[in-house]
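Here, each number is a calculation from the coordinates, and none is a lab measurement. Everything numeric here is computed off the predicted structure, so don't read it as measured data. As a convention, Cβ positions derive from the backbone with ideal geometry for all residues, glycine included, and neighbour counts pool all protein chains shown.
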């Protein structure tokens with residue numbers, strides 16, 4: 001699964017994108033990775049994805065968990081995949097590419113909404 005996630009690094013952000021051909025938005029990236037790695041069908045919506053799996057605390061995070069953030073003044077408006085060592089991969093915004101970020105940066109720390117474990 002981590003290989004699938006890291007293979008998307010560098011692809012363009014595209015609103016509504018859900019493939020390497022079309023590019024990715026945040027929830028499209030997550031849906032693509034889980035479909036390719038596990039055959040799991042997740043909705044193409046960060047808020048909807050936040051209802052799947054099991055909620056976990058930040059201290060329980062493991063590689064492959066989904067991490068959610070409030071980036072649009074709405075809870076669970078952004079999602080990424082936790083990689084370990086306080087890093088996650090996501091499709092950040094128009095004009096950017098899929099990339100990894102450090103969750104300890106103040107921007108992400110102040111917007112963290114929670115995490116879910118989809119695959120145990």
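Name the shape class, rounded, prolate or oblate, that the alpha-carbon gyration tensor gives for the chain, where a ≥ b ≥ c are the square roots of its eigenvalues, rounded holds for a/c under 1.5, and otherwise prolate holds if a/b is larger than b/c and oblate otherwise. Rounded shape, in that the Cα axes give a/c under 1.5. Let a ≥ b ≥ c be the square roots of the eigenvalues of the Cα gyration tensor of region 67-120; is it rounded (a/c under 1.5), or, if not, prolate (a/b larger than b/c) or oblate? Cα axes put region 67-120 in the rounded bin. Scoring 103-114, 77-88 by mean Cβ neighbours within 10 Å over their residues and listing the highest first yields 77-88, 103-114. Summary value for region 2-117: 29 percent relative contact order, contacts being C-alpha pairs under 8 angstrom separated by 6+ residues.
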